[in-house]
Every structure is written in structure tokens, then in C-alpha cells.
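The values are calculated or read from the model by the stated rules, or taken from the named source; none is laboratory data. Note that this is a predicted model, so its numbers are computed, not measured. Positions of Cβ are backbone-derived with ideal geometry, glycine not excepted, and every protein chain shown enters the neighbour counts. Accessible surface areas use protein heavy atoms only, side chains included; no ligands, DNA or RNA. Shrake-Rupley method; radii C 1.70, N 1.55, O 1.52, S 1.80 Å.
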Amino acid sequence: MKYFAYGLLAIGGALAAWTVSEPASAATACRDIDTVKESADLNKNTGMGGHVTQHILGMAPPPGMSQQGKTLFKDGEKFGRAWGQYTSITNPKMCTGNSSIQQVFKISGLVDALSCRAVDGAGKCTEYDSFASDTIAFAFINNGGKWILNTAYPVPMP
């Protein structure tokens, strides 16, 4: 019986080691994943399941979503500049597993940003307050087995 118990402990330990989630070294920086790079294209983001356009003035938010009460980039170019800075930071978030990942980082300089007060029937912002932001949030999500840029938006300064 004693040997049987040791055998069960050994099998249990082997199973525990085998079922441990993938090691941290297997994780990849979210920004370096091909589907994330592709989804950072504003013309592709919504179709891939993201909602970055919900945070860009002049762009239509995804169906059923609104820009009401959201912080917005003044235009797609401002988003593009922020994404460009994010792709070169030294401490990017790693994407692994199936959870969502968010990273807020300080940009160099300020970005023109807006806070939406009113929208039209399609959910596009029609009235807003302007502000400058030095912080951008990026969120990534595993959508159907593929990591994408889920959203990005300027964060108001305190």
C-alpha cells in the first residue's frame, strides 16, 4: 500500500507539471503578433472584432456602439502616431492564454484628444470638449483564437 501511495503521488506530480499553463517565455509581446498588427489598421479593426473606431472622431463606431461619453483621438492620424510610439516601447504587455490585456503608457509629447458629449443617430460624436493627453490605453483581446487590438483611447490627465 505504501508503494501504491508513492506511485499515486508521482503520477499526480507528473500530471500537475504537465497541465501547467505555457511558460512565460512562450508569451509574445502583443504588438508583435501579426493579427494584432493587422487589427491596428483602422480599415480592418472593426471587421476583426475590435472597436478602436469608437474612439476616433469622424469614424463610425462598430454597429450597436456609440462614441457618447468616450474619449476620442482627434483623428486617425493621432491614433496612428500613438500606435507608432507604442510599437517601440521597451516594456510591452505579453499576450498569452485567452484573457484580455491592457496597457496604459505615457507618450512623448501630447496628443489632441476629445471627450464626446453628444452623438448622432449612428453613434458618431457631434459635440465634444477638447483636452490634451499624455497617456494612451491599449487593450488586446483573444478573439476566436487570434489576438487583436481591441481598443485604444487617450486617457484624461488628472
Legend entry - Average accessible surface area per residue within region 49-155, 1.4 Å rolling probe, Å²: 46 Å²
Legend entry - Space enclosed by the convex hull of the alpha-carbon atoms of region 49-155, per residue, Å³: 90 Å³
Inset, instruction - Could you work out how far apart the two model spin labels at residue 37 and residue 118 are, taking each label as a point 7 Å from the Cα in the direction of the beta carbon, and quote it in nm? - result: 4.4 nm
Inset, instruction - Kindly work out what percent of the DSSP beta bridges joining two residues of region 39-146 are antiparallel, to the nearest 5. - result: 95 percent
Inset, instruction - Calculate, for residue 29 and residue 129, the FRET efficiency according to 1/(1 + (r/R0)^6) with r their C-beta to C-beta distance and R0 41 Å; round to the nearest 0.05. - result: 0.75
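Ignoring ligands, DNA and RNA, what percent of the accessible area of region 49-155 is carbon or sulfur (1.4 Å)?
49 percent
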